[in-house]
1. Taking the conditions exactly as written (closer than 24 Å to ILE37 by Cβ, part of a helix (DSSP H, G or I) and modelled with pLDDT of 95 or more), does ALA186 satisfy them or not?
2. Quick one: how many residues across segment 129-152 are touching a helix residue (DSSP H, G or I) at 6+ places or on another chain (Cβ under 8 Å) and either assigned to a helix (DSSP H, G or I) or at pLDDT below 95 (or both)?
3. For segment 32-55, what are the residues that are in contact with a strand residue (DSSP E or B) (Cβ under 9 Å, 6 or more places away or on another chain) and open to solvent by 10 Å² or more (accessible area, probe 1.4 Å)?
4. Report, by residue number, each residue of segment 17-58 that is in a helix (DSSP H, G or I), away from the ligand (no atom under 16 Å from the Cβ) and touching a residue at least 40 places away in the same chain (Cβ under 8 Å).
5. Pick out the one residue from THR99, THR128, THR172, THR148 that is of a type in the set (Val, Ile, Thr) and touching a strand residue (DSSP E or B) at 6+ places or on another chain (Cβ under 7 Å).
6. What pairs come out if I take residues in segment 193-221 that are farther than 18 Å from TYR163 by Cβ and at pLDDT 95 or above and pair them with residues that are open to solvent by 60 Å² or more (accessible area, probe 1.4 Å) and part of a loop (DSSP other than H, G, I, E, B) whose C-beta lies under 6 Å away, six or more apart or interchain?
7. Would you mention how many residues in segment 203-224 are open to solvent by less than 10 Å² (accessible area, probe 1.4 Å) and in a loop (DSSP other than H, G, I, E, B)?
8. Filter segment 66-104 down to the residues that are free of Cβ contacts under 8 Å to residues at least 12 places away in the same chain, outside any helix (DSSP H, G or I) and open to solvent by 40 Å² or more (accessible area, probe 1.4 Å) and list them by number.
Amino acid sequence: MTYVMSDLHGCEEKYFAMLEKIGLKESDTLYILGDVIDRGPGGIAILQDMRKRKNVIPFLGNHEDMALPVMRLVAGERPEREIGSAYRAMWRDNGGEPTHKAFLRLVPEKREEIVAYLKTFRLHEEITVAGRRFHLSHTLPDREQWQTGERNKEDFIWGEPDYELCYDPDLTFITGHTPTAFIDPAFRGRIWQENGHIALDCGAVFDGGRLGCLCLNTMEEFYV
Ligand SMILES: [Mn+2]
């Protein structure tokens, strides 16, 4: 079976409860569409579990992208960009504090493992399950950018999709990043599907939110 979920945001207990609920087997594949870390306290613990599982395929979220340069610096590497106090404040203001603290508590070897793992996170990918084509990414550019092909890394981690517009009639676009309650308040805590889009972020870390997981073979929805 193929499963997909997103935006765990440090909710370690919900993550393990979901693995239990879906009964994830080694022959299954679980795609996680970014924002594993920040806001909640358990992001590093989730990453440490994910990296041990060969059948978990991680994608980059804006939170991992914000965290990585700081983590590289702490781990003794030289990030491409300048990491000054403004950058650190930006990550902190976006809920990075619990992740930063947990990262600093790791011994150097464990820090390097996390940094190396985050560098393997994918940006976007197309898969076919049960004859249906899916596009996976943390988020998407708007439809015009998608159709003109003028899109870059930032669009797949910070973009604001046009959920009211169909991007491609032959492809279903699965994203996290935008809590479904923001797309339609009636969908608070539930997976939203319309117009060739599936939005997965059920707001696990927020009051009234849940962690959602979708099985792409059966389209069954699971919640914790
Ligand atoms: Mn995000």
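1. no
2. 2
3. ASP49, ARG51, ARG53, ASN55
4. ALA17, MET18, LYS21, ILE22, ILE44, ALA45, GLN48, MET50
5. THR172 is the lone residue from the list that is of a type in the set (Val, Ile, Thr) and touching a strand residue (DSSP E or B) at 6+ places or on another chain (Cβ under 7 Å).
6. VAL205/ARG39; CYS215/MET1; ASN217/MET1; ASN217/ALA130
7. 4
8. Within segment 66-104, ARG78, GLU80, GLU82 meet the criteria.
The values are calculated or read from the model by the stated rules, or taken from the named source; none is laboratory data. All values reported here derive from a predicted model rather than from experimental measurement. Note: ideal-geometry Cβ built from the backbone for every residue, glycine included; neighbour counts use all protein chains shown. Calculation scope for accessible area: heavy atoms of the full protein, side chains included, ligands and nucleic acids excluded. Shrake-Rupley method; radii C 1.70, N 1.55, O 1.52, S 1.80 Å.
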